[in-house]
Amino acid sequence: MGKKIAIIGGGNLGSAIAEGLLISKFSKSSELTVTKRNTATLRSLQDKGVEVSDNNNAAVKKSEVIILAVKPFQVAEVLSNVKKELTANKILISVVTGVTIGDMETILGKKVPLFRAMPNTAIAIRESMTCISSKDAEAGDVKYVNELFGQLGKIVTIDEKLMEAATVLAACGTAYAMRYIRANIQGGIEIGFDAPTASLIAAQTVKGAAQLLLTKGSHPEQEIDKVTTPKGCTIAGLNEMEHRGFSSSLIRGVVASYKKIAKD
Ligand SMILES: NC(=O)c1ccc[n+]([C@@H]2O[C@H](COP(=O)([O-])OP(=O)(O)OC[C@H]3O[C@@H](n4cnc5c(N)ncnc54)[C@H](OP(=O)(O)O)[C@@H]3O)[C@@H](O)[C@H]2O)c1
């Protein structure tokens, strides 16, 4: 039997995690409880045998692993209300942006194995990049949490002080990649493709490029060298993009996002 998991906050992310855990067979439906105040939107999980509830206390009490997926401003109230049930033999994993392990410790006022995980929206198709940090967690708990998110994409362990940077590169990064793909689609239409064909070509090409790096472990510039013929069209296009500030604008965008999140 796997551990019983309660997902507190069955919204976009909480529901996607539940779906992913079921599809990957990491959890049986009977091992999962998902809570939110309005449970009507959890019908499809309920139909799969997942317990849905508006009772956070009962869900925490019966579970060994608690995944907190509410909005940041809801954390204090939700954790305060369940802290009696959150005993030291349970694991608390927060996927909430901007709420630190220290913040949660202050609310709980006691030691519980605490994890923060920063996934991205590709968790819905089990292709997330999830950055994980923890405090007071035993090796067995760390292994378990890595396996859990490992079912939902790729994972990396980071220091908690890098969580904001992880939010930018992994979570905002999805939006940056989408904008890059959209610009390619617009260019593709201008050079002759209809929108659906341009969309397919642009998205699959980016997926293939990313897969080359992930599979071979090569550096992007090595892969670029393979497609840049001397005096060819690829290098002409790349250099024009760089003259227009392509890499520079991306780096500046990443840093602007970071300054915003680090300040707020
Ligand atoms: N979406 C992402 O890609 C992403 C990535 C990384 C991190 N995050 C973080 O994940 C968290 C959730 O994001 P989201 O996009 O999934 O937001 P969301 O769709 O708004 O989900 C939050 C859910 O919490 C429920 N909720 C509110 N109060 C509750 C309570 N007292 N008890 C139980 N459930 C309660 C809400 O449902 P009811 O109103 O019906 O209660 C809602 O469904 C946020 O903190 C966000 O920063 C999101």
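Taken together, the residues in the stretch 51-101 that are within 16 Å of M118 (Cα to Cα), open to solvent by 20 Å² or more (accessible area, probe 1.4 Å) and either part of a helix (DSSP H, G or I) or of a type in the set (D, E, K, R) (or both) amount to 2.
Just one of the listed residues (L108, L79) is among the aliphatic types (A, V, I, L, M) and away from the ligand (no atom under 14 Å from the Cβ), namely L108. Once the stretch 102-116 is narrowed to residues that are outside any helix (DSSP H, G or I) and surrounded by 15 or more Cβ atoms within 10 Å (Cβ to Cβ), the residue that is farthest from the chain's Cα centre (by Cα) is V112. Here I224 passes the criteria (1) within 30 Å of A262 (Cα to Cα); (2) touching a residue at least 12 places away in the same chain (Cβ under 8 Å) except the one numbered (1).
Of everything in the stretch 170-216 that is within 18 Å of the chain's Cα centre (by Cα) and of a type in the set (S, T, Y), the residue that is nearest to R252 (Cα to Cα) is Y176. A search for C-beta distances below 7 Å between a residue of the stretch 6-34 that is polar (S, T, N, Q) and any residue that is open to solvent by 10 Å² or more (accessible area, probe 1.4 Å) and not in a loop (DSSP other than H, G, I, E, B), counting only pairs 6+ apart in sequence or on different chains, returns S29/L22; T33/E51; T33/S53; T33/K62.
Annotation note: Cβ proximity below 6 Å between a residue of the stretch 89-101 that is within 8 Å of the ligand (Cβ to nearest atom) and a residue that is open to solvent by 10 Å² or more (accessible area, probe 1.4 Å) and assigned to a loop (DSSP other than H, G, I, E, B) (sequence gap 6+ or interchain) occurs for V95/A69.
The set of residues from the stretch 13-50 being more than 19 Å from V145 (Cβ to Cβ), more than 12 Å from the ligand (Cβ to nearest atom) and part of a loop (DSSP other than H, G, I, E, B) comprises K48, G49, V50. Counting only helices (runs of 4 or more DSSP H) that sit wholly inside the stretch 196-264, those with at least 3 residues that are open to solvent by less than 70 Å² (accessible area, probe 1.4 Å), out of contact with any helix residue (DSSP H, G or I) (no Cβ under 6 Å at 6 or more places or on another chain) and under 28 Å from K154 (Cβ atoms) are 246-263.
For T174, the conditions (1) touching a Lys or Arg at 6+ places or on another chain (Cβ under 8 Å); (2) among the polar types (S, T, N, Q); (3) closer than 23 Å to A202 by Cα are fulfilled apart from (1).
Does V65 satisfy the condition of being modelled with pLDDT of 95 or more and under 23 Å from E138 (Cβ atoms)? Yes, satisfied.
Go through (1) within 14 Å of the ligand (Cβ to nearest atom); (2) open to solvent by 10 Å² or more (accessible area, probe 1.4 Å); (3) in a loop (DSSP other than H, G, I, E, B) one by one and return the number of the condition G10 breaks. Going through (1) within 14 Å of the ligand (Cβ to nearest atom); (2) open to solvent by 10 Å² or more (accessible area, probe 1.4 Å); (3) in a loop (DSSP other than H, G, I, E, B) one by one, G10 breaks only (2).
Report whether or not V156 is touching a residue at least 24 places away in the same chain (Cβ under 8 Å) and assigned to a helix (DSSP H, G or I). When the stated conditions are applied, V156 does not pass them.
The values are calculated or read from the model by the stated rules, or taken from the named source; none is laboratory data. Because the structure is predicted, anything quoted here is derived from the model rather than measured. With ideal geometry, Cβ positions are generated from the backbone for all residues, glycine too; neighbour counts draw on all protein chains shown. Heads up: the accessible areas ignore ligands, DNA and RNA and are worked out on the full protein's heavy atoms, side chains in. Shrake-Rupley method; radii C 1.70, N 1.55, O 1.52, S 1.80 Å.
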